[in-house]
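Structure below; questions to follow.
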Amino acid sequence: MKKANWLELSQFFSNKKIRASFSMKRSINSEIFNVLDFAKLSGFKHDLIAIPNQTHSINVKNTTIGGEILNSDGVFSSNHMVVCSIKVADCLPIFFAHKTELFFGIVHAGWRGLVNGIILESIKLIKSRKIALNQVDVFIGPSIQACCFEVGGDIIDRFNPKFIKQNMNSKYFVNLQGIAKNKLEIEGILKKHIKVSEDCTYCQFERYFSFRREGDKSARMFGLIGVKQK
């Protein structure tokens, strides 16, 4: 059977109306060059693709329309015609969906976003929509893992020591997924409702792009979440 050109993530959400997908290298190699093409490839037929203009900020927004979402690194919606999107190449794609109600979103969280508070801002937005946090599922998608995310001593103090390991060569490695999961739990998302991919975008060069590995020439993966179309 031919392998799909993307990861189907819908199984990580209790709400059966929700669908989510994540592109891989095969998607791009199949001449899928932008998020609109990937949305079509992975089965989204909606025209309203919300595309944050990502700047490693902590800004997240709720939207009822598609198109570019300025000054934002995360987007949420309750409009069944909207598909929320982000692009990543090592940073964490964090997917959110209510277990039964029509509410969903996705956030681009690099290390700066994590330490500066993008998860707290996401939780504030969810609560502002009168959404009960104990009814929200979260999936943290493929991203650079602790095995490969090395940081220098100049910024090590910005991370929770609980999620730092130092090897025999005195190099520091940070578990970004652990930091994100911990912050989600502190803010009220139930531990049992958080799933985390073990795929490392840096290690798995045959599956994913990696900015840290490939530099400025690196392409991006796309994350999408929306409502299944009948």
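Can you name the number of the only condition in (1) surrounded by fewer than 24 Cβ atoms within 10 Å (Cβ to Cβ); (2) at pLDDT 95 or above that residue 91 fails?
So the condition that residue 91 fails would be (1).
Taking residue 119 as meeting all but one of (1) more than 13 Å from the chain's Cα centre (by Cα); (2) under 19 Å from residue 158 (Cα atoms); (3) crowded, with 24+ Cβ neighbours inside 10 Å; (4) not aromatic (Phe, Trp, Tyr), write down the number of the exception.
(1)
From 65, 94, 106, grab the single residue that is of a type in the set (Val, Ile, Thr) and over 21 Å from residue 197 (Cβ atoms). Don't jump to the end; show me each part of the working.
Numbers: 94 fails: over 21 Å from residue 197 (Cβ atoms); 106 fails: over 21 Å from residue 197 (Cβ atoms).
Of 65, 94, 106, the one residue that is of a type in the set (Val, Ile, Thr) and over 21 Å from residue 197 (Cβ atoms) is 65.
Search region 140-157 for residues that are closer than 12 Å to residue 176 by Cα and pair each with any residue that is acidic (Asp, Glu) and surrounded by 19 or more Cβ atoms within 10 Å (Cβ to Cβ) when their beta-carbon atoms are under 9 Å apart and the residues are at least 6 apart or on different chains.
From residues that are closer than 12 Å to residue 176 by Cα, the pairs are 143/90; 144/90; 148/90; 149/90.
How many residues does region 193-212 hold that are over 13 Å from the mean Cα position of the chain (by Cα) and either more than 25 Å from residue 116 (Cα to Cα) or of a type outside the set (D, E, K, R) (or both)?
Count: 12.
Are there strands (runs of 3 or more DSSP E) fully within region 154-215 with at least 1 residues that are surrounded by fewer than 16 Cβ atoms within 10 Å (Cβ to Cβ)? List them. Give the steps one after another, and end with the answer.
On the way: elements: 164-166, 172-174, 194-196.
In region 154-215, the matching strands (runs of 3 or more DSSP E) lie at 164-166.
How about region 206-221: which of its residues are of a type in the set (Ser, Thr, Tyr) and at pLDDT below 90? Full working, then the answer.
Step one: of region 206-221, the residues of a type in the set (Ser, Thr, Tyr) are 208, 210, 218.
Matches in region 206-221: 218 only.
Select from region 216-230 the residues that are touching a residue at least 12 places away in the same chain (Cβ under 8 Å) and part of a loop (DSSP other than H, G, I, E, B) and write down the one among them that is nearest to residue 97 (Cα to Cα). It would help to see each step written out before you state the result.
Residues of region 216-230 that are touching a residue at least 12 places away in the same chain (Cβ under 8 Å), as a first pass: 218-229.
This time we only want the ones that are part of a loop (DSSP other than H, G, I, E, B), so: 218-220, 228-229.
Values: 218: 29, 219: 27, 220: 23, 228: 13, 229: 16 Å.
Looking at residues that are touching a residue at least 12 places away in the same chain (Cβ under 8 Å) and part of a loop (DSSP other than H, G, I, E, B), I get 228.
Then there's this: Can residue 215 be described as of a type outside the set (Asp, Glu), over 21 Å from residue 118 (Cα atoms) and out of contact with any strand residue (DSSP E or B) (no Cβ under 6 Å at 6 or more places or on another chain)? If you could, list the steps in order and put the result at the bottom.
Numbers: of a type outside the set (Asp, Glu): yes; over 21 Å from residue 118 (Cα atoms): yes; out of contact with any strand residue (DSSP E or B) (no Cβ under 6 Å at 6 or more places or on another chain): yes.
Against the criterion (of a type outside the set (Asp, Glu), over 21 Å from residue 118 (Cα atoms) and out of contact with any strand residue (DSSP E or B) (no Cβ under 6 Å at 6 or more places or on another chain)), residue 215 qualifies.
The values are calculated or read from the model by the stated rules, or taken from the named source; none is laboratory data. These figures come from a predicted structure and were not determined experimentally. Positions of Cβ are generated from backbone atoms using ideal geometry, with glycine treated the same way; all protein chains shown enter the neighbour counts.
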